[in-house]
Amino acid sequence: MQFDVDKMAAVDRYELLLGTVVPRPMALITTISNDGAINAAPYSLFNVMGHDPAVAVFSVLAQPDQRLKDTATNILATKEFVINLVSESIAESMNITCIDAPPGTNELELANLNTTASVKVKPPRVTASPVAFDCRFLTLLSFGTNQAIIAGQIVHAYVDDRFVRDRARGLVDTPELKLIGGMHGAKWYTKLSDRFEMERPTWAEWVRQGKAR
Ligand SMILES: Cc1cc2nc3c(=O)[nH]c(=O)nc-3n(C[C@H](O)[C@H](O)[C@H](O)COP(=O)(O)O)c2cc1C
């Protein structure tokens, strides 16, 4: 079946895109407003887009009333944010933080999530999150009034000691992080325990095996 994406209702496009591009990594983003209020919210339209420099991006969709989400407002005001990765053990708490509470509400308190001071930015990290990235705002790409992509440079990384295998080489025990992924629609998630491995092919090996034509 073909879909003329331009002609679809936005809500149906949402279902199509979020139902196919899976799993999405999960960022629980902490920010601070100009007057010092801590804010947290989950963002799964998120990924890292490079390592030299280390760049993370996420997408802010408009609130139903078209208001800019507090996360974006705070980042534009203070130029800092923290990306906390979400493990199975804090999945339910993360879900609580997406509540549409009024600006100034500390969603972390609602979700019983403690915070720890970050190393290079003012917003704190979520203590129970196994990985947190301190980010400095780089740029915002606006796509109309309804969505924007925010890019930040990761200037510091925290990884829970229990999961670090080789600090010098940045190696972590990824399966043990037990991170969750976002699946179809707005409600479904996945555990990342079903892995498989593939060696990347090289042309030299193809030639050696007589497969090159
Ligand atoms: C798992 C999950 C993923 C989400 N991903 C996004 C996202 O990528 N972009 C977005 O704009 N909203 C996303 N949301 C909704 C926001 O978290 C929600 O609108 C939140 O209230 C925004 O809070 P804020 O105004 O404090 O930033 C997501 C919600 C959940 C539960």
Span from the the range 157-213 Cα centroid across to the the range 1-77 one, whole angstrom: 23 Å
What fraction of the Cα pairs in the range 5-208, stated in percent, has a spacing above 25 angstrom? 39 percent
Give me the number: length gained by fully extending R200 to I96, i.e. 0.36 nm times residue separation minus the C-alpha to C-alpha distance, one decimal in nm. 33.4 nm
May I ask you to list the lysines whose Cα is less than 20 Å away from that of K178, ignoring any residue fewer than eight positions away on the same chain? K187, K191
Determine the order of F133, F81, F196, F3 by accessible area, beginning with the largest, at a probe radius of 1.4 Å. F196, F3, F133, F81
If I compute solvent accessible area with a 1.4 Å probe over the protein chains, what percent of it on the chain is carbon and sulfur? 55 percent
I'd like to check one number: the per residue accessible area of the chain, probe 1.4 Å, reported in Å² as a whole number. 64 Å²
At R0 = 30 Å, how high is the FRET efficiency between V119 and L171 if r is their beta carbon distance? Nearest 0.05 is fine. 0.90
q = 0.16, 0.17 Å⁻¹: log10 I(q)/I(0) that the Debye formula gives for the range 171-213, counting C-alpha atoms only: -0.65, -0.67
Within the range 5-208: Cβ-based charge dipole about Cα centre, in debye rounded to nearest 20 (Lys, Arg +1; Asp, Glu -1): 360 debye
With +1 on each Lys and Arg Cβ and -1 on each Asp and Glu Cβ, how big is the dipole of the range 97-162 about its Cα centre, in debye rounded to the nearest 20? 260 debye
Which one, V22, F46, P64, is farthest towards the positive end of the dipole of the range 5-64 when Lys and Arg carry +1 and Asp and Glu -1 on their Cβ? V22
Once you have the Cα-Cα distance between H51 and I149, take 0.36 nm times their residue separation minus that, and quote the gain in nm to one decimal. 33.5 nm
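The values are calculated or read from the model by the stated rules, or taken from the named source; none is laboratory data. Please read all numbers here as calculations on a predicted model, not as lab measurements. Heads up, the Cβs are rebuilt from the backbone with ideal geometry, glycines too, and the neighbour counts pull from every protein chain shown. The protein model used for the area step is the full one, side chains on, heavy atoms only, and it has no ligands, DNA or RNA in it. Shrake-Rupley method; radii C 1.70, N 1.55, O 1.52, S 1.80 Å.
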